[in-house]
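Q: Got a structure here, written out as structure tokens. Questions coming.
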Amino acid sequence: MPAFGLDIGTSSLKLAHVDGKKVLSLGLVANSLGKNVMEMTNAEKITLVESIKKLVSESGVKPGRVAASIAEPLVYSRVLKFPVMSTPELATAIKWELDQTVPFPPAEIEVSWVVMHKPQKATGEEKISVYVVATPNKVSEVYTNILELAGLEPERLENEFPALWRAFIPQLFDQNPGLVMNLGAAGTLMVLGSKELIHGNYYIPVGGNALTKFIADAFNLPLLQAENYKRTYGLAKDQLEGKVYAVLKPVVDNIVGEAKKLIVSFQNENQGAVVNRIVLTGGGSYLAGILPFMTENFPNTEVIIGDVFSGLTIPDKFRGLGPIFDLAFGLSA
């Protein structure tokens with residue numbers, strides 16, 4: 001039996017226990033703290049522990065092995081390319097690369113990596129593609145402590161990109177990869193991948209909270225009312241005379257620009273390759289007008305709303321919430 005997935009988000013906590021195509025348990029509770037665990041006081045961490053206990057209890061899952069997410073801004077994760085070399089040489093090359101680029105002291109990080117692609121023959125130009133993650137020891141310790149205080153057994157801690165990719169593998173293709181874009185509360189996750197490989201990833205610290213703040217500032221509104229404006233009018237040009245659209249467009253244009261950079265970088269490295277699908281997910285995928293806005297910005301690419309529950313039998317109260325459960329689903333998969 002696989003471990004259940006626990007997505008520790010800044011606005012909510014999500015739990016998914018999946019065995020193949022069978023959904024065993026689901027759970028969702030609000031996270032009123034609104035921050036990642038490394039920003040929390042000890043008292044706030046205890047509040048988080050109690051929220052996790054509540055989530056586990058209400059979901060009906062038996063407390064046990066869990067695969068939990070670490071917020072992406074707390075780690076370093078990249079797809080790195082190296083000339084064809086032996087495994088020991090590769091380990092040395094990765095260490096050297098991390099020593100140059102990771103903003104954490106080498107003695108204070110845990111490093112994990114997996115070879116995504118190794119060419120059959122070394123032609124002198126072919127590269128080994130390696131997905132590398134460096135996590136500060138103190139981050140792992142804090143997450144582990146929180147989970148254990150909640151009565152759980154951490155099977156693994158995983159940054160968000162692999163879980164996001166894994167959740168949408170059924171909606172990706174081998175030949176031409178897709179871009180999965182999780183529009184979250186605190187930031188936006190982008191992972192470019194096919195069924196077999198992660199080709200690239202990027203995190204931008206702009207998400208739903210930033211959109212709400214821009215609306216609040218523009219119209220001099222309390223945050224709660226600004227949140228309602230965002231959900232009601234969003235990027236719909238024909239709503240409220242397009243005033244909310246005009247406020248949000250420059251912010252979302254920034255996200256679009258980063259997505260295009262990721263796609264162009266991939267296509268420059270892989271001549272002739274195309275990105276044929278963009279999958280929108282996360283809470284921001286519910287934003288009014290987001291689908292036509294993205295379709296307009298990526299005219300030659302299919303843009304869809306991702307649903308990890310597609311084709312699965314789930315309780316009625318969770319229907320329509322597939323984009324919210326993407327990371328929890330991917331962690332359990």
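The values are calculated or read from the model by the stated rules, or taken from the named source; none is laboratory data. Bear in mind that the values here come from a model prediction, so they are computed numbers and not experimental data. Cβ placement follows ideal geometry from the backbone for every residue including glycine, while neighbour counts extend to all protein chains displayed.
Q: Among the residues of segment 274-300, which ones are modelled with pLDDT under 95 and more than 26 Å from residue 330 (Cα to Cα)?
A: Within segment 274-300, 299, 300 meet the criteria.
Q: Oh, and also: Return a yes/no flag: does segment 245-254 have any residue that is loosely packed, with under 14 Cβ neighbours inside 10 Å and of a type in the set (A, V, I, L, M).
A: Scanning segment 245-254, I find at least one residue that is loosely packed, with under 14 Cβ neighbours inside 10 Å and of a type in the set (A, V, I, L, M), so the answer is yes.
Q: May I ask you to list the residues in segment 292-313 that are surrounded by 16 or more Cβ atoms within 10 Å (Cβ to Cβ) and within 30 Å of residue 59 (Cβ to Cβ)?
A: Matches in segment 292-313: 304, 306, 307, 308, 309.
Q: Check segment 240-247 and report whether any residue there is out of contact with any Leu (no Cβ under 9 Å at 6 or more places or on another chain), in a loop (DSSP other than H, G, I, E, B), farther than 20 Å from residue 201 by Cβ and not basic (Lys, Arg).
A: Looking for residues that are out of contact with any Leu (no Cβ under 9 Å at 6 or more places or on another chain), in a loop (DSSP other than H, G, I, E, B), farther than 20 Å from residue 201 by Cβ and not basic (Lys, Arg), one finds none in segment 240-247, hence no.
Q: Here is a follow-up. Here is a list of conditions, (1) in contact with a Phe, Trp or Tyr (Cβ under 8 Å, 6 or more places away or on another chain); (2) crowded, with 18+ Cβ neighbours inside 10 Å, and residue 240 meets all of them except one; can you say which number that is?
A: (2)
Q: Could you say which residue among 279, 275 is touching a Pro at 6+ places or on another chain (Cβ under 8 Å) and either outside the structural domain of residue 125 (by TED's automatic domain parsing) or not in a helix (DSSP H, G or I) (or both)?
A: 275
Q: Could you say whether any residue in segment 70-80 is under 16 Å from residue 11 (Cβ atoms) and part of a loop (DSSP other than H, G, I, E, B)?
A: Within segment 70-80, one or more residues are under 16 Å from residue 11 (Cβ atoms) and part of a loop (DSSP other than H, G, I, E, B).
Q: Inside segment 182-218, can you point out the residues that are charged (D, E, K, R), farther than 15 Å from residue 167 by Cβ and either outside any helix (DSSP H, G or I) or in contact with a Ser or Thr (Cβ under 6 Å, 6 or more places away or on another chain) (or both)?
A: Residue satisfying the conditions is 196 alone.
Q: Let me ask another. Quick one: would you say residue 10 is within 26 Å of residue 224 (Cβ to Cβ), β-branched (Val, Ile, Thr), surrounded by fewer than 14 Cβ atoms within 10 Å (Cβ to Cβ) and not assigned by TED's automatic domain parsing to the domain that holds residue 196?
A: Judged against the criteria, residue 10 is not a match.
Q: Can you pull out the residues in segment 310-326 that are part of a loop (DSSP other than H, G, I, E, B) and either closer than 23 Å to residue 177 by Cβ or without any contact (Cβ under 8 Å) to a residue 12 or more places away in the chain (or both)?
A: 310, 311, 319, 320
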